[in-house]
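The values are calculated or read from the model by the stated rules, or taken from the named source; none is laboratory data. These numbers were taken from a predicted model, which means no experiment stands behind them. Don't worry about glycine lacking a Cβ; one is built from the backbone with ideal geometry, like all the others, and counts go over all protein chains shown.
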Amino acid sequence: MGLDTSDAYSLAKAPTAALMEAARQRRDLTWGRRVTYSRKVFVPLTNMCRDTCAYCTFVKRPSDPAARIMTPDQVLAEARKGERQGCKELLFSLGEKPERRYDVAREALARLGYDRMTDYLADMCALVLEETSLLPHVNAGTLSEDEIDRLKPVSASMGMMLETISRRLTRKGGPHHACPDKTPVQRLRTLERTGLKKVPFTTGLLIGIGETWEDRIDALHAINAAHARHGHIQEVIIQNFQRKPDIAMAQHPEPALDDMLRTIAAARLILAPEISLQAPPNLHQRHIAYLQAGINDWGGISPVTIDFINPQHDWPEIDRLGKSCAEAGFDLTERLTVYPRFISARSAYLDPRLATRILEMARDDGLADLQVMEAAE
């Protein structure tokens, strides 16, 4: 059992070293000394969005020459680059529902034959499945029930950062002001809907955007509660806010290392033990410290494409990251975008056509079978 809310609040006063030690022990009981990652290619299907978060550099307004919706040919070109580099996951990332705010986005979609971005996304997932060996993972933000139904047969997993459930941050001057898809109720509804639909799901917190310790604890408990009801949360990301020169929060302070370590440790102590805990490896250089705080996964790492969300931070070289993990007593191992426990329960969580491909790509323990990919080459 994880910590209840009052006990978790009190962790704010606990010594960092003791907190990290407790988190390590809890991690090791379930995950042992193996740390995983997914080899991916990152495809930003559109960088237009109806939200204007104060910390986002990914989103471009339609008036920006860089604003775009990728064509099917562009999607396939990136996918094939990923295949050639041994990627197994294709991460579709996109702004939320730009067609609901901007005529330019609506017209661009219409030229492609669509009224709704999620319908185009679903067809691009299907195209990737038909033309490549990759498994799509979609980060499409908030989703309705019918959008989930449309995407589930063609995506191995889905994700949406909860970020926070603080309504205070949606007020004027806050990072989520005038962002309809960042209201906590909409994010929580997507967590619930994907649970009801049995979708292997990734979510997480964004640390350092103005939230309090109590806000973080509340968000972690909300994630854990959704998982307790449905069992669908496969991983939780603890991501640190990064300053960038072209954002409204360019002068906002970044979270300190100690703050991140304490939040990671608290997450490990609160969340169900089977939920994987990750932190992006390109947003810091303290990989061993993060392992000591209780993570068991580095998330997606691309040998092909930049991190379009944090373009100033290069992905680590996988071999070098593996050496850092080994120094800390861990074995770095490649996984698929779907975690092993969902593969073993495939009848509930995976479309039958996807399940067949995933089983062919997985070894007996559900992690990535590298020999299969080598044989394909």
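See the values below:
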item	result
Count of residues meeting criterion [small (Gly, Ala, Ser) and surrounded by fewer than 18 Cβ atoms within 10 Å (Cβ to Cβ)] in the range 101-132	3
Selection from the range 325-377 of residues that are polar (S, T, N, Q), farther than 22 Å from Glu274 by Cα and at pLDDT 90 or above	Thr356
Tally of residues being at pLDDT 95 or above and touching a His at 6+ places or on another chain (Cβ under 9 Å) across the range 1-39	1
Residue identified as of a type outside the set (Gly, Ala, Ser) and out of contact with any Lys or Arg (no Cβ under 7 Å at 6 or more places or on another chain) among Leu135, Leu109	Leu109
Scope the range 180-225; condition touching a His at 6+ places or on another chain (Cβ under 7 Å) and farther than 20 Å from Pro280 by Cβ; matching residues	Thr194, Gly195, Leu196, Lys198, Val199
Candidates Leu127, Leu143, Leu151, Leu169 - the one that is under 19 Å from the mean Cα position of the chain (by Cα), of a type outside the set (S, T, N, Q) and assigned to a helix (DSSP H, G or I)	Leu151
Arg100 closer than 18 Å to Asp181 by Cβ and either of a type in the set (A, V, I, L, M) or over 21 Å from the mean Cα position of the chain (by Cα) (or both)	yes
Scope the range 86-131; condition without any contact (Cβ under 8 Å) to a residue 12 or more places away in the chain and among the aliphatic types (A, V, I, L, M); matching residues	Ala110
